[in-house]
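One structure below.
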Amino acid sequence: MQLGIVGKPNVGKSTFFNAATKAHAEIANYPFTTIEANRGVMFIRKPCPCREMHLTCNPHNSRCIDGIRFVPIEALDVAGLVPDAHKGRGLGNKFLDDLRQAHALIHIVDASGGTDTEGNPTDIGSHDPCEDIKFLEREIDYWLFGIIKKTWELNSRKTELEDKKIEKMLSEQLTGLGIKEDHITAAIRKLNLDRDRPALWKDDDLLRFTSFLRGYSKPMIIALNKSDKAPEALMQKLLALPGYHMIPTSAESELALENALDHGVIEYVPGAKSFTIKHPETLSEKQRKALEYIQTHVLDKYGSTGVHRCIDEAVRMLELIVVYPVSDEHHLTDKEGRVLPDAFLVPKGTTAKELAYRVHTDLGDHFIRAIDARAHRVVGADHQVKDGDIISIIADV
């Protein structure tokens, strides 16, 4: 699974990416700083079983901070998108090609209204961010429309003359975009389109169809970035927009807190609603005021910087859960004696045997049974694991 960080140029995408991944993508105050897509690993937050079980865990593929397990998920920060990108304007072709790989999108919007349509800096509040939300969706819709339209006449003819399902043909055509047959079926039903005679669909029908496909296949979180600088009336207007999952965000604040944490200045769990200064007497006046600003204008007002909340919500929209596989169901250790070493991010509905394959092919091939370590009971191959489960896999290897 991969999350895509998208938006027009100069809205804080790379800052968000850096804050979430601790990578070092270039940051600058001009459009098209990001040309090649930055790849990294973000982390979703889940309560670690170590606190519940009164254990000290030894994370291997993740990390645990004060009882919060940070579980990795791949991330992609793509080039900024400008109007008419679907026609190849700006870096549109590059953006849309990178977008194919993302399963969900975090759309970074400059909530302060301080960047124009092209991503150039302008006066705070002089640009309406609502336009940015609409334009990005429109560009993706037209991009999908163009892909489908190329073979639409041929596919429509096959549906009527060769008795082939339009859903099947489209799913094969769009499989590289993460669009599944059930997405297509749901869109057809929702729009009440004639699945047996797609040749009767007009371009407007096809465009509405692609819009629904985009919504189903690329669920989106709107990160209202620079929310601490946004005029209150503008923030309220954004938060009142229907049909969107909006999260006030300050990527710059999260990055500053992460850097302060790295340098031992503060105690802070990424994504938390507060922090503690370790040695106040060592801070300069500038540092003290910067930290006070973040606490009062971001954390106190919105409950967090919003960065990690965006990631958590995107994963929830994808219906992914976290499972902890172990070898010893009594001590919750792997074969090396590490306590709760691994946390696996898997789709909701994953079975015990499918989890075994995720851990190691041999475990899946020679699966015998699994043990739910919380309930202390044996479960079969078809048992669906739940969020937070600790599972021991028994295999003939």
Exercise. Any chance region 166-179 includes a residue that's at pLDDT below 90, on the phi > 0 side of the Ramachandran plot and of a type outside the set (A, V, I, L, M, F, W, C)?
Worked result: yes
For this session: Of all residues in region 267-276, count the ones that are farther than 18 Å from Cys48 by Cβ, in contact with a Leu (Cβ under 8 Å, 6 or more places away or on another chain) and surrounded by fewer than 18 Cβ atoms within 10 Å (Cβ to Cβ).
Result: 2
Exercise. Scanning for something touching a residue at least 60 places away in the same chain (Cβ under 8 Å), assigned by TED's automatic domain parsing to the domain that holds Gly12 and touching a helix residue (DSSP H, G or I) at 6+ places or on another chain (Cβ under 8 Å), does region 272-292 turn up at least one residue?
Worked result: no
Exercise. Somewhere in region 255-274, is a residue of a type in the set (Ser, Thr, Tyr) and closer than 16 Å to Cys310 by Cα?
Worked result: no
Exercise. Do we have any residue at all in region 209-230 that's assigned to a helix (DSSP H, G or I), under 22 Å from His308 (Cα atoms), out of contact with any Pro (no Cβ under 9 Å at 6 or more places or on another chain) and modelled with pLDDT of 95 or more?
Worked result: yes
For this session: Taking Ala260 as the residue in question, decide whether it is over 23 Å from the mean Cα position of the chain (by Cα) and modelled with pLDDT of 95 or more.
Result: no
Seminar exercise, completed: If you go through Glu354, Glu336, the only one that is under 25 Å from the mean Cα position of the chain (by Cα) and without any contact (Cβ under 8 Å) to a residue 60 or more places away in the chain is Glu354
Exercise. Part of a helix (DSSP H, G or I) and either at pLDDT 85 or above or surrounded by 12 or more Cβ atoms within 10 Å (Cβ to Cβ) (or both), is that true of Asp182?
Worked result: yes
Seminar exercise, completed: Within region 241-294, the residues that are of a type in the set (S, T, N, Q) and touching a strand residue (DSSP E or B) at 6+ places or on another chain (Cβ under 6 Å) are Thr249, Thr276
Seminar exercise, completed: Checked region 118-133 for anything under 24 Å from the mean Cα position of the chain (by Cα) and either farther than 19 Å from Tyr244 by Cβ or touching a residue at least 60 places away in the same chain (Cβ under 8 Å) (or both); matches are Gly119, Pro129, Cys130, Asp132, Ile133
Exercise. Restricting attention to region 316-329, which residues are touching a residue at least 12 places away in the same chain (Cβ under 8 Å) and either of a type outside the set (Gly, Ala, Ser) or closer than 25 Å to Arg45 by Cβ (or both)?
Worked result: Met317, Leu318, Glu319, Leu320, Ile321, Val322, Val323, Tyr324, Pro325, Val326, Asp328, Glu329
Exercise. Any idea which of His366, His308, His297 is surrounded by fewer than 17 Cβ atoms within 10 Å (Cβ to Cβ) and either in the same structural domain as Met235 (by TED's automatic domain parsing) or out of contact with any strand residue (DSSP E or B) (no Cβ under 7 Å at 6 or more places or on another chain) (or both)?
Worked result: His297
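Let's see how each residue does on (1) farther than 18 Å from Thr15 by Cβ; (2) part of a helix (DSSP H, G or I); (3) touching a His at 6+ places or on another chain (Cβ under 7 Å); (4) among the aromatic types (Phe, Trp, Tyr):
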| residue | (1), (2), (3), (4) |
| --- | --- |
| Leu234 | yes, yes, no, no |
| Leu238 | yes, yes, no, no |
| Tyr244 | yes, no, no, yes |
| Ile247 | no, no, no, no |
| Ala256 | no, yes, no, no |
| Asn259 | no, yes, no, no |
| Val269 | yes, no, no, no |
| Leu291 | no, yes, no, no |
| Gln295 | yes, yes, no, no |
For this session: Within region 373-393, count every residue that is buried (at least 17 other Cβ atoms within 10 Å of the Cβ), under 18 Å from Pro347 (Cβ atoms) and not β-branched (Val, Ile, Thr).
Result: 3
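The values are calculated or read from the model by the stated rules, or taken from the named source; none is laboratory data. Note that the structure is a prediction, hence the values are computed from the model and not measured. No Cβ is skipped: glycine too gets one built from the backbone with ideal geometry, and neighbour counts run over all protein chains shown.
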